[in-house]
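Bear in mind that the values in this text are calculations on the coordinates, not laboratory data. The structure presented is a predicted model; accordingly, all values stated were derived computationally and were not measured. Every residue, glycine among them, receives a Cβ derived from its backbone with ideal geometry; neighbour counts consider all protein chains shown.
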Amino acid sequence: MRIFKEIQSIQNWCKEQKVQGRKIGLVPTMGYLHEGHLELVREARKHCDIVVVSIFVNPTQFGVGEDFEVYPRDFQRDSSLLEREQVDAIFAPTAGEMYLPDFSSWVEVTGEITAKLCGASRPGHFRGVTTVCTKLFNICLPDLAFFGQKDAQQAMVLEKMVRDLNFPLQIIRVPIVREADGLAMSSRNVYLDAEDRKQALVLNQALEQAEKAIRDGERDAGRIKQLLQEIIGSSPRAEIDYAEIYDAYDLADIQQIDRKVLMALAVKFGKTRLIDNRLVEV
Ligand code: AMP
């Protein structure tokens, strides 16, 4: 497994791979890897000749007062996990390598898709994500790029960017990987104390019960939103950032559940903000 820290060297290496006719799969991550990330890697391994995993805690997608400085990092552990998954290369640049002092070019997807949910709660977040992914795509030249359904809005925004700007690659979404008790895996779960960890189960429970209500015939989006809020509200430590239901394709508002919908949650437990979601097709 190759470990690259410099843009020029991995870009040259990826160019060579392409000249040899190899299909490159890219898995962008911020590190502190768990089974969710490894599922993306395994999916990439299935579809591609070369698997590149980037590990980069991207400062431009964190807002002021968010957890950039304390975001968990463990490169040694990450690289041994990736070695076991037979990853071909890790790209782990420094922030200074990715953003030169005079950096001033941004890629931004506008409209409802970035204005709602995490776009509303975390101003500038998606601009940071789309900019860093553009850079990673230009550096690693992937044919396929793998993203988790865990960050549903991120995947939607990146799919839109790829369509709008004709990036020569395809985005592959990988389903959410959960702990045995249903909590969606996240690098941020390590922030939770024992009581928060227990109460955090309410996210998946709310999504499950809301899905059941839809399957049982509820078609009023407002009622489903209310149900999500009630269930999460039953957990004394949970502070809802959002609990919403939108059109799954473009996040348009809906009154009636008559198409594929995305139920999306962001809930804080103390300082830890967790997200989860579920797609439901009627
Ligand atoms: P992160 O390191 O949190 O930026 O995540 C890197 C990639 O892994 C993103 O595409 C995430 O959506 C994906 N990911 C994170 N957690 C999970 C999970 N529990 N299941 C599936 N994919 C995940």
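Annotations for the structure displayed:
- With the highest mean first, a sort of the peptides 47-53, 192-198, 63-69, 121-127 on other beta-carbon atoms found within 10 angstrom per residue produces 47-53, 121-127, 192-198, 63-69.
- Here the contact order of the stretch 212-281, divided by its residue count and restricted to Cα pairs under 8 Å and six or more residues apart, works out to 27 percent.
- In order along the stretch 250-260, the Karplus-derived 3J(HN,Hα) couplings, from 6.51 cos²θ - 1.76 cosθ + 1.60 at θ = phi - 60°, round to 9, 6, 5, 5, 9, 9, 9, 8, 10, 7, 6 Hz, and Gly and Pro are given as x.
- Beta-bridge orientation, the chain: approximately 50 percent antiparallel, per DSSP, counting only bridges with both partners inside.
- Mean residue ellipticity (222 nm) of the chain, computed from DSSP H runs ≥ 4 via -39,500 (n - 2.57), nearest 500: -11500 deg cm²/dmol
- When only the Cβ of Lys, Arg, Asp and Glu is charged (+1, +1, -1, -1), the dipole of the stretch 187-277 relative to its Cα centre reaches about 260 debye.
- Scanning residues 5 or more positions from Val174 or on other chains, those with amide H under 5 Å from its amide H are Phe147, Gly148, Gln149, with H placed 1.01 Å from N in the peptide plane.
- Between the stretch 210-267 and the stretch 7-35, the alpha-carbon centres lie 37 Å apart.
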